[in-house]
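What follows is one structure encoded as structure tokens, with my remarks underneath.
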Amino acid sequence: MLPKTMKEYYEKPYSKEFKAMVLETDGEKVVLDKTLFYPGGGGQACDIGKLNGFEVYFVNSSDGVIFHHVREHNLRKGDVVKGEIDWERRYELMKLHSAAHIVYYKFIEVFFNGDYEKAKIIGSNVAVGKSRIDFAMQESIAEKLVEVERLSNKFIKEAHEIITKYLDAEKRVWVCDKYEMPCGGTHVKNTSEIGEIKLKRKNLGKGKERVEIMLA
């Protein structure tokens, strides 16, 4: 059984390069002792990049072991490799993920007067280009979404510190001002890094409303 991969993307979220040892290879799958590559999860897309110049096109995890999917490589067990993440992509995902949390809270304040028990999320995703949150709602969100966007941008511009930390050995939380929620993704350190955002409504069918979040 392989040991769990050390998750350096939590301890060094702004690092772009790292060195690690290859623990195992299986075809295109490469396991390292540690990594900066986020393996996806919590709705956030995985990182991509390079290992010793070879393309890492997908990353996932299972039982704490992170698998780097590498095209046409010659990596072998015991090799010390240089990893490089696609930083522009990662940084965009960090901003979109933090923005999604802020929009979630402002959305509930506008539509549910801050009553989190009434809000029913049926889906979420953080991908390159936009993040989204899906709500179970009968009413259209189109008219009030302008206010959610205004309040979200106001909060973002106030430059609130963002902290991500472990509550215990496994559970991580995202904390910003008075807001706190469980989250295993990667985030910026301050809301000011996000910049201005734009919101768009998408109807998914009866009783379903989607908020799409984009960086302006």
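The values are calculated or read from the model by the stated rules, or taken from the named source; none is laboratory data. Because the structure is predicted, anything quoted here is derived from the model rather than measured. Note: ideal-geometry Cβ built from the backbone for every residue, glycine included; neighbour counts use all protein chains shown.
In the range 96-112, the condition of being crowded, with 20+ Cβ neighbours inside 10 Å, out of contact with any Leu (no Cβ under 8 Å at 6 or more places or on another chain) and over 22 Å from ALA216 (Cβ atoms) is met by at least one residue.
Taking the range 193-216, which residues are assigned to a strand (DSSP E or B) and among the β-branched types (Val, Ile, Thr)? Answer for the range 193-216, where residues must be assigned to a strand (DSSP E or B) and among the β-branched types (Val, Ile, Thr): ILE197, VAL211, ILE213. Within the range 111-130, being hydrophobic (A, V, I, L, M, F, W, C) and either at pLDDT below 95 or more than 19 Å from ILE194 (Cβ to Cβ) (or both) holds for PHE111, PHE112, ALA119, ILE121, ILE122.
The residues on offer are GLY53, GLY43, and the sole one that is under 16 Å from the mean Cα position of the chain (by Cα), surrounded by fewer than 19 Cβ atoms within 10 Å (Cβ to Cβ) and outside the structural domain of LYS165 (by TED's automatic domain parsing) is GLY43.
The one condition from (1) within 15 Å of the chain's Cα centre (by Cα); (2) surrounded by 13 or more Cβ atoms within 10 Å (Cβ to Cβ) that ARG150 does not meet is (1).
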